[in-house]
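Okay, so here's the structure we're looking at.
The values are calculated or read from the model by the stated rules, or taken from the named source; none is laboratory data. This structure is a prediction, so every number in the text was calculated from the model and none was measured. Here the Cβ is made from the backbone with ideal geometry for all residues, glycine too, and neighbour counts use every protein chain on show. All accessible areas refer to the heavy atoms of the entire protein, side chains included, with ligands and DNA or RNA removed. Shrake-Rupley method; radii C 1.70, N 1.55, O 1.52, S 1.80 Å.
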Amino acid sequence: MKKIIKKALTLLSVYYAYMLEYRAESILWVLAGSLPIILMGVWIQAAQNGNFGLTPVDFARYFLAVFLVRQFTVVWVIWEFERQVVEGKLSPRLLQPLDPAWHYISSHLSERLARTPFTLFLVILFFVLYPQTFWLPSFANLVLFAVSVMLAFALRFVIQYTLAMFAFWTERASALENFWYLFYLFLSGMIAPLEVFPEPVRAIALLTPFPYLINFPASLLVGLPVDVTRGFLTMIGWFLVFLGVNRLLWRRGLKQYSGMGA
């Protein structure tokens with residue numbers, strides 16, 4: 001156990017130092033994730049002129065929560081894995097007594113730590129500009145939100161890492177992520193809370209993993225009604241499904257990779 005902890009801390013410290021070298025890039029990535037703040041203005045205006053079941057303040061708080069969830073769950077592993085497979089840079093990592101996935105996980109977690117100060121600054125700025133939206137979530141909601149964000153990141157990571165496995169067979173596995181992102185954009189709750197969706201669409205969306213990547217954690221933070229038990233069980237279920245597919249594609253992909261002379 002001590003060796004595992006030591007390896008984990010070493011990986012995190014190395015990748016954290018690496019991420020600190022690109023602080024300016026981290027700021028740009030934080031700003032690039034500000035789409036929910038832009039959409040917030042649209043829905044606040046719509047709520048003032050129509051009845052969507054949510055007040056303008058509810059929309060403002062929801063999209064701030066979406067912004068926070070996005071900051072902690074953004075994943076880019078498919079592009080990094082694709083590049084390493086295509087360029088043959090995956091081979092050295094296969095010689096290490098450590099699954100390459102842990103390198104990607106460490107880099108993602110370290111990047112979260114590097115971007116946190118900028119994220120907190122934008123949240124404070126948000127409340128300065130919109131003081132009427134300030135609220136203090138209950139301790140229970142904060143705990144549920146933290147757990148759901150961790151699960152959402154794990155689910156988002158394993159989904160994209162599973163799609164990345166197709167890099168063993170095609171040079172453009174990232175095209176699958178671009179296609180997947182279309183459904184993620186519309187069904188995850190990024191552009192609108194699921195509460196404003198028609199009931200049939202919402203029922204279908206809840207059967208997919210998308211709402212649990214954004215809408216579910218954001219709703220927990222702001223106190224919107226959600227089925228907590230179903231939410232967590234669904235996230236764990238989809239995680240196990242994609243993890244199983246991932247391991248299957250990994251084993252078959254390694255045979256394909258070695259067959260190409262790697």
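Residue count for segment 117-159, restricted to those that are over 14 Å from the mean Cα position of the chain (by Cα), within 27 Å of residue 56 (Cα to Cα) and part of a helix (DSSP H, G or I): 21.
Taking the criterion of being assigned to a loop (DSSP other than H, G, I, E, B), under 19 Å from the mean Cα position of the chain (by Cα) and of a type outside the set (S, T, N, Q), the residues of segment 208-234 that qualify are 209, 214.
Criterion applied to 160, 256 was being open to solvent by 30 Å² or more (accessible area, probe 1.4 Å) and in contact with a helix residue (DSSP H, G or I) (Cβ under 7 Å, 6 or more places away or on another chain), and the one residue passing it is 256.
Evaluated against (1) surrounded by 13 or more Cβ atoms within 10 Å (Cβ to Cβ); (2) under 25 Å from the mean Cα position of the chain (by Cα); (3) modelled with pLDDT under 85; (4) over 22 Å from residue 146 (Cα atoms), residue 16 falls short on exactly one condition, (4). Do we have any residue at all in segment 175-192 that's among the polar types (S, T, N, Q) and within 30 Å of residue 89 (Cβ to Cβ)? Yes, segment 175-192 contains at least one residue that is among the polar types (S, T, N, Q) and within 30 Å of residue 89 (Cβ to Cβ).
Okay, residues lined up against (1) of a type outside the set (A, V, I, L, M); (2) modelled with pLDDT of 90 or more:
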{"residue": "97", "(1), (2)": "yes, no"}
{"residue": "102", "(1), (2)": "yes, no"}
{"residue": "116", "(1), (2)": "yes, no"}
{"residue": "130", "(1), (2)": "yes, no"}
{"residue": "133", "(1), (2)": "yes, no"}
{"residue": "147", "(1), (2)": "no, yes"}
{"residue": "161", "(1), (2)": "yes, yes"}
{"residue": "172", "(1), (2)": "yes, no"}
{"residue": "185", "(1), (2)": "no, no"}
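Somewhere in segment 71-83, is a residue within 22 Å of the chain's Cα centre (by Cα) and of a type in the set (S, T, N, Q)? Yes, because at least one residue in segment 71-83 is within 22 Å of the chain's Cα centre (by Cα) and of a type in the set (S, T, N, Q). Among the candidates 107, 138, the residue that is surrounded by 13 or more Cβ atoms within 10 Å (Cβ to Cβ) and either within 30 Å of residue 256 (Cβ to Cβ) or of a type in the set (S, T, N, Q) (or both) is uniquely 107. Residue 121 fails exactly one of the following numbered conditions: (1) farther than 27 Å from residue 165 by Cα; (2) surrounded by fewer than 12 Cβ atoms within 10 Å (Cβ to Cβ). What is the number of that condition? Failing condition for residue 121: (2). Among the residues of segment 176-193, is there at least one that is more than 23 Å from residue 82 (Cβ to Cβ) and in a helix (DSSP H, G or I)? Yes, segment 176-193 has at least one match.
Taken over segment 203-231, the residue count meeting the criterion of being out of contact with any helix residue (DSSP H, G or I) (no Cβ under 7 Å at 6 or more places or on another chain) and open to solvent by 30 Å² or more (accessible area, probe 1.4 Å) is 8.
Residues that are in contact with a Pro (Cβ under 8 Å, 6 or more places away or on another chain) and among the small types (Gly, Ala, Ser) within segment 194-217 comprise just one, 205.
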